[in-house]
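These notes are about the structure you will find just below.
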Amino acid sequence: MEFKVSKEAKFEIPDEILKEFHNSRFCEDFQPNSDRCTGINENSSPTLFSVNLNKAIEWLHGNDIPKPLENEVCSIPVLLFVPNFSTDHLLFHYDGSLQSANLIRKFLETFADIIKNSKATIISPSFIPKSKQKEEQELINQVSQATAETSFIKFNFLRIGDFWSYAVKHDCSLLVTTKNYQADLAKVLFHFYKGAMWSDRLSFYLAL
């Protein structure tokens, strides 16, 4: 028997700013702060947790030091969303691993109805082993087929701040990356989102 994941057990952030969804695929009118298109089946495990980014920042600033978003990293994706959430310009981080490729493929499948008119940018490391080049090309093709416009660039970004800066500079609306950056993201939010936000447009999708 599969048990429902406990938000209280997994997350540091308050339960009241979390919303859970149980969809295998989201409809076009999906909004992360709305009950529309939730299709909740109480007997199923969540497929997505959404968190209001502004409220998460307020919570972080209520602590003396930045706290992690999760007590333990779970397999369920987390969407940190800004009020004007949009998928107009997606920024995908592919790090050359199978885990990263599967993360992006799952995102494409889950949000297929929402992102078909989106612009997409894929950032990949400057060097990919020859054994991974076929996987990389297949991934580019899959993103191209799922979105209206796709570009592919090579950067050796190693920090969440690098992706964030690129996303803000190029007016990206959603960064899709791994939960490996979750702790660093909490620190960046804690230290730099004071007074005014860098961007009120950029949301984050974190998954394993």
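The values are calculated or read from the model by the stated rules, or taken from the named source; none is laboratory data. Here the structure is a predicted model, which means the values were calculated and not measured. Here the Cβ positions follow ideal geometry from the backbone for every residue, glycine too, while neighbour counts run over all protein chains shown. Note: accessible area is taken over every heavy atom of the protein model, side chains too, but ligands, DNA and RNA are not part of it. Shrake-Rupley method; radii C 1.70, N 1.55, O 1.52, S 1.80 Å.
Here are some notes:
- Here is the list for the stretch 22-116: GluC sites (Glu not before Pro) lying in DSSP coil, each with at most 15 other C-beta atoms within 10 angstrom of its C-beta, are GLU28, GLU42, GLU72.
- Counting only DSSP H runs of at least 4 residues, each contributing -39500 (n - 2.57), and dividing by the residue count of the chain, the helix-based mean residue ellipticity at 222 nm comes to -9500 deg cm²/dmol.
- Cα Rg, Dmax (largest Cα-Cα span) when computed across the stretch 107-178, Å: 12.7, 33
- Under the combined filter of DSSP loop state and at most 14 neighbouring Cβ atoms within 10 Å, the stretch 147-180 retains these trypsin sites (Lys or Arg not before Pro): ARG159.
- Phi to ³J(HN,Hα) by Karplus 6.51 cos²θ - 1.76 cosθ + 1.60 over the stretch 78-92, Hz, x for Gly, Pro: 10, 10, 8, 10, 8, x, 8, 4, 8, 10, 4, 9, 8, 10, 9
- Spin-label zone in the stretch 70-89 - amide nitrogen under 20 Å from a point set 7 Å from the Cα of GLU20 along the C-beta vector: 70-81
- DSSP-assigned coil residues among trypsin sites (Lys or Arg not before Pro) in the stretch 83-153, each with at most 14 further Cβ atoms within 10 Å: LYS116
- Of all segments of the chain bounded by chymotrypsin sites (Phe, Trp or Tyr not before Pro) found in a DSSP loop with no more than 10 other C-beta atoms within 10 Å, the longest spans 4-126.
- The chain, accessible area per residue, ligands and nucleic acids excluded (1.4 Å, Å²): 49 Å²
- Estimated dipole of the chain in Debye, rounded to 20 [Cβ of Lys and Arg +1, of Asp and Glu -1, Cα centre]: 580 debye
- Over 27 Å between alpha carbons, listed pairs LYS55/LYS116; LYS10/LYS55; LYS119/LYS154; LYS55/LYS187; LYS134/LYS154: LYS55/LYS116
- Length available on full extension from GLN137 to SER97: 0.36 nm per residue minus the Cα-Cα distance, which gives 13.1 nm.
- A simple charge model with +1 on the Cβ of Lys and Arg, -1 on the Cβ of Asp and Glu and nothing else charged puts the dipole of the stretch 66-184 at about 220 debye relative to its Cα centre.
- Note on the chain: antiparallel DSSP beta bridges, both residues inside, total approximately 25 percent of the bridges counted.
- Per the Cα gyration tensor, the chain maps to an equivalent ellipsoid with semi-axes of 25, 21, 17 Å, ordered largest to smallest.
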